[in-house]
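J.: Please see the structure below; I have some questions.
The values are calculated or read from the model by the stated rules, or taken from the named source; none is laboratory data. The structure presented is a predicted model; accordingly, all values stated were derived computationally and were not measured. Note that we place each Cβ from the backbone using ideal geometry, even for glycine, and neighbour counts take in every protein chain shown. Remember, those area values only see protein heavy atoms, side chains included, never the ligands or the DNA or RNA. Shrake-Rupley method; radii C 1.70, N 1.55, O 1.52, S 1.80 Å.
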Amino acid sequence: MSREPPFDGPLQQPRDFATDPPAASPDLDTAVDTTSLRVRYNPNIDTSIAEEVAPTNDAATSPRKAPARADTGAPFSPTSRRRTTRVGTFRTVDNFEDFELRPGWHPGSEPGVDPLKPDGGHASMPQLSAPCEITIVDFSEDKLSIQNKDNSSLGSFLEVPQPKWAKCRWINVNGLSWDVIQLLGKHKSLHKLAVEDIMNTRSRTKAEWYPTHAFIVLTLQRLDDTYRDSDDESSDSDEADDTSSHASNRSIFSGKTGKYSRKLLRRLKRTFRAGKFSSDTTLEGGKDWPQDGSGPYPRASRSEYPEGPTRTLRRYHAAPDDPIARFMDRNSALISKNYTVACEQVSMFITNDNTIISFFEESAEVIEAPIIQRLQTSDTIIRHSCDASMVGHAVLDGIIDLAIQVASCYRDAIGDIEPEVLTHPNIGHTKKLYILTSEINALISFINPITTLIQALRDHKTDMALDKAMAKILDPNHDPIITTLTYTYLGDVLDHCVLITDTLNRLKSSADGMIGLIFNTISAHQNESMKQLTTATIIFLPLTFITGYFGQNFVPFTILEQDIGYFWKIAVPVVFATIILLQREAIVDYCKAIFQRRYLWELKKRRSDRRNKKRV
C-alpha cells in the first residue's frame, strides 16, 4: 500500500478576519461580521444559483458553470436551499399532571415518604386526609384488651407504653390518612419506602424485609352488591317520573305499547348519557365533590384515589372518571346478579417487637370481625400463640376466603351462559364471554402474585424450635420472625391460592372453548344453509335450462305442440342425471360409510356371540 509523501511546505498562519476580511464573492453574496468573526449568508438570495469551481489542466483555477436545471435553467447548487419555515423541534414536558403515577410525583423526586417530616419530604405531596377507624387489640394467653380510636385520639394513645402483660399487639386501621400513617410511622420507625407504598394504592403485591419490620402489600377482592351507577339512579328517577306522569295523564303511551315506548326512551337516554364524560365535580352516587378538598379523599389526590366507595376490577388501574371503565362496569359479567367485584389494597407491617399493623382502604371490618371473634376465644391457636405473624396469617387467610367467593360467583356466571351457548348460540354470547374472560384474567393477575408472596413468607421461616422462637419474638433486638407454626398454616393459605388459580384458569379455558364452539356452530349452520341452497340449485338448474330451451322463438318448433307430459319426460331424467353427475363423490362416500358401519356392527356382533359361547 502506497503512502502519500509528507507535507514539506511552509505552514499557513491562521487568518485574522478582523484585520483581513475576505472579499465578497459575486456568486454567493456573503457578508462578513467582523465583530463575531463569523460568515453570515444573506437569507434573501437564491442559493440555487451558484457556480462550481473546478481545476483546469494548466494547474490554475477558473470558474466553470455547473449543469443547468431543466425547469428554471439555473445551475445546480452544491448547497441546499434555506427553509422558509421554522423546523419543528422537541420540547421536554414540564407539566406532569396528566402523567402522574401518584399525587405530587415528578421525575427525579426523592424516593419514599419520610414520616418524620410534616410534608413527608415532598413539598408538592398532597395531604391525604380521611376519617379512620382504628382498632387496637392487646392480648396474651390470659388477657385481651380491645380499644377503638380515631385520628384525633391515636396520638395520645401511642404515648402510653404498651401494657407489660400484653405479648402481642394488633393495630388495624380502616381508611388511609396521612396523619395516622405519620403517627404510626414515627412510633414504629417504619421505612419511608414502605410508607410511600401505603399511600400509593396501586403497588404491586410483594413482601419486603427491613431491619426492624417486614412489609407486606397485596390486593383484596370481594363481592359487593351495593354498586350503583349514576346513570342507573338517574334512570330509576326517570322511571318514577314517567310512572307518575303516566298515572296522572293518559297519553298515546298506554298499555303495552306505552310500556315498551317508555323503556325504549329510557334506554336511549341512558345510551346518550353513557357517551358523555363524567364531570370533575360529580360523584358516582350523584353527589357533588367538595371543592374545598374535604370529603373522603382530598381534591388534590383525586388522580390517585377513586370517586366514591367502590373501586372495581376495571377501575383499579384506570382513572376514576374513565368512561371506558364505567361502560365495562355497566356490562360486567356479574351485573345480572347485582354483584360487582370491589378491589382495594391491603398493607401490613410485622415489627420486631411482636406488633402487627394493617391498613385497609375500607374493608377492614370484613376481615377484622372473625379474627377478633377468634381472639376472644382462649383456646384458639391465634390466641394461644401470641404471635404477630399468626395474626398476619389470619388476615391473609380472610382475604383469600373472600377471593374464593368471587371465583364461585364467576363459576355460576359461566354455568348460566353454557346452556344458552349449547342450545342457541349467537354473537351476543361471545361478547359476554369476552367480558367474563377479561375479568377472570384480572383476577388471576391479582391471585398469582399472592401465591408468590406466601411462598416468600414461608422462605423466611426461622430455623429455631417453636418454643425458642416464641421466647425470642418478645425480644425487640432481632429481625421479624416467621415462626414454624405460621409456616405450617401458611401452607393452607397457599393451597387455597392454588385452588383459586386452577378454578379461574379452568373457567377461562371453558369460556374460550365456548367462544370457539359458538363460531364453529355458526359456521356449521352457514355451511348447512349453503348445502341446501346448492341442492336446490342442482335440482332447478336443468329445469331452468330446459325451460329456456323450449321458450325460444323458432319457427317451425313442432315440439311445442306436444302436451305438458312431454316436458316432464325430458326434465326428470335430465335432473336425475345432473344430480348423479354433480353429487357422485358425496353419494360414493355415503355408500362407503353405510357399508363400513354395517361391517363394524357385524364384527361387534360376532365378538359378542363368541363371548356368550365361552360363558356357556
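J.: Over the heavy atoms of Leu457, what accessible area does a 1.4 Å probe trace out, to the nearest 10 Å²?
T.: Rounded to the nearest 10, the figure is 10 Å².
J.: Students often get this wrong, so check it: of Lys149/Lys472; Lys164/Lys468; Lys143/Lys192; Lys192/Lys461; Lys143/Lys472; Lys167/Lys472, which have C-alpha atoms separated by over 22 Å?
T.: Numbers: Lys149/Lys472 30 Å; Lys164/Lys468 20 Å; Lys143/Lys192 34 Å; Lys192/Lys461 25 Å; Lys143/Lys472 20 Å; Lys167/Lys472 12 Å.
The pairs that break the limit, which is 22 Å between Cα atoms, are Lys149/Lys472; Lys143/Lys192; Lys192/Lys461.
J.: Under Stokes-Einstein, with the Kirkwood radius over Cα pairs standing in for Rh, what whole-number D in µm²/s applies to the range 373-499 at 25 °C and 0.890 mPa s? Write out the running numbers ahead of the final one.
T.: On the way: Rh = 17.4 Å.
Here the translational diffusion coefficient equals 141 µm²/s.
J.: Relative to the compact globular guide of 2.2 N^0.38 Å, what is the alpha carbon radius of gyration of the range 308-405, as a ratio?
T.: On the way: Rg = 17.1 Å, N = 98, 2.2 N^0.38 = 12.6 Å.
Its radius of gyration relative to the 2.2 N^0.38 Å reference: 1.36.
J.: Ordering Phe519, Phe446, Phe540 by how much accessible area each has at a 1.4 Å probe, largest first, what is the list? Mind showing how you got there, number by number?
T.: On the way: Phe519 100, Phe446 15, Phe540 125 Å².
Highest to lowest solvent-accessible surface, that is Phe540, Phe519, Phe446.
J.: Here is a follow-up. Give me the 1.4 Å probe accessible area per residue for the range 394-513, excluding ligands and nucleic acids, in Å².
T.: Dividing the accessible area of the range 394-513 by its residue count gives 46 Å².
J.: OK, next. Keeping every protein chain in place, order Ile435, Ile539 by accessible area at 1.4 Å, biggest value first, i.e. largest first.
T.: Values: Ile435 25, Ile539 60 Å².
Solvent-accessible surface, decreasing: Ile539, Ile435.
J.: Here's something else I'd like to know. May I ask for the percentage of alpha-carbon pairs in the range 490-616 that lie more than 21 Å from each other?
T.: Values: 5847 of 8001 pairs.
Value for the range 490-616 (Cα pairs over 21 Å): 73 percent.
J.: Oh, and also: Give the peptides 193-199, 141-147 in descending order of average Cβ contacts within 10 Å, highest first.
T.: Details: 193-199: 21.3, 141-147: 12.3.
So the order, starting with the most tightly packed, is 193-199, 141-147.
J.: In square nanometres, what is the average projected area of the Cα convex hull of the range 465-508? Before the final figure, lay out each step's value.
T.: Values: hull surface 15.3 nm².
The number I arrive at for the range 465-508 is 3.8 nm².
J.: When the Kirkwood hydrodynamic radius is evaluated over all pairs of different C-alpha atoms of the range 480-555, what value in angstrom, to one decimal, is obtained? Please report the intermediate quantities before stating the final value.
T.: Details: mean 1/r = 0.0528 Å⁻¹.
One decimal place: 18.9 Å for the Kirkwood radius.
J.: How high is the FRET efficiency between Gln526 and Asp459 when r is their beta carbon distance and R₀ equals 35 Å, given to the nearest 0.05?
T.: So, using R0 = 35 Å, E works out to roughly 0.05.
J.: Next up: Taking all protein chains as present, what is the carbon and sulfur share of the accessible area of the range 528-616, in % to the nearest whole number, probe 1.4 Å? Intermediate results must be reported in sequence, preceding the final value.
T.: Details: 5180 of 8200 Å².
Looking at the range 528-616 in its full context, I get 63 percent from C and S.
J.: Less than 13 Å Cβ to Cβ from Val341, Lys/Arg counted +1 and Asp/Glu -1: what total charge do the surrounding residues give? Let's see the in-between values first.
T.: Numbers: positive: Arg222, Arg311, Arg314, Arg315, Lys337; negative: Asp224, Asp225, Asp329, Glu344, Glu439.
Local charge sum for Val341: 0.
J.: Would you tally the net charge around Pro111, using a Cβ to Cβ cut-off of less than 11 Å, leaving Pro111 out, and scoring K and R as +1, D and E as -1?
T.: Details: positive: Lys192; negative: Glu110, Asp114, Glu196, Asp197.
Summing Lys and Arg as +1 and Asp and Glu as -1 gives -3.
J.: Would you mind classifying the range 551-612 by shape? Square roots of the alpha carbon gyration tensor eigenvalues, ordered a ≥ b ≥ c; an a/c under 1.5 is rounded, otherwise it is prolate if a/b is larger than b/c and oblate if not.
T.: Cα axes put the range 551-612 in the prolate bin.
J.: Now a separate question. Return the whole-Å distance between the Cα centroid of the range 468-541 and the Cα centroid of the range 573-610.
T.: Cα centroid to Cα centroid, the span is 44 Å.
J.: Send over the semi-axes of the range 392-451's equivalent ellipsoid, whole angstrom and largest first, taken as the square roots of 5 times the C-alpha gyration tensor eigenvalues.
T.: Values: eigenvalues 181, 30, 7 Å².
So the equivalent ellipsoid measures 30, 12, 6 Å along its semi-axes.
J.: Suppose all protein chains stay in the model; what accessible area per residue would a 1.4 Å probe give for the range 558-616, in Å²? Please report the intermediate quantities before stating the final value.
T.: Details: 5800 Å² over 59 residues.
Per residue, the range 558-616 has 98 Å² of solvent-accessible surface.
J.: Please list Ser445, Ser438 from largest to smallest accessible area, probe radius 1.4 Å, with all protein chains kept in place. Don't skip to the answer; put the middle values down first.
T.: Numbers: Ser445 70, Ser438 30 Å².
Putting Ser445, Ser438 in descending order of accessible area: Ser445, Ser438.
J.: For a protection proxy built on the mean count of beta-carbon atoms within 10 angstrom, sort 496-509, 208-221 highest first, please. Before the final figure, lay out the partial values.
T.: Numbers: 496-509: 17.2, 208-221: 19.8.
Order by mean packing, descending: 208-221, 496-509.
J.: Long-range amide H contacts for Ile482: which residues qualify at under 5 Å (H placed 1.01 Å from N, peptide plane, sequence gap of 5 or more or a different chain)?
T.: Thr462
J.: Sum up the charges of everything whose Cβ sits under 15 Å from the Cβ of Leu422, counting Lys and Arg as +1 and Asp and Glu as -1, but leave Leu422 out.
T.: -2
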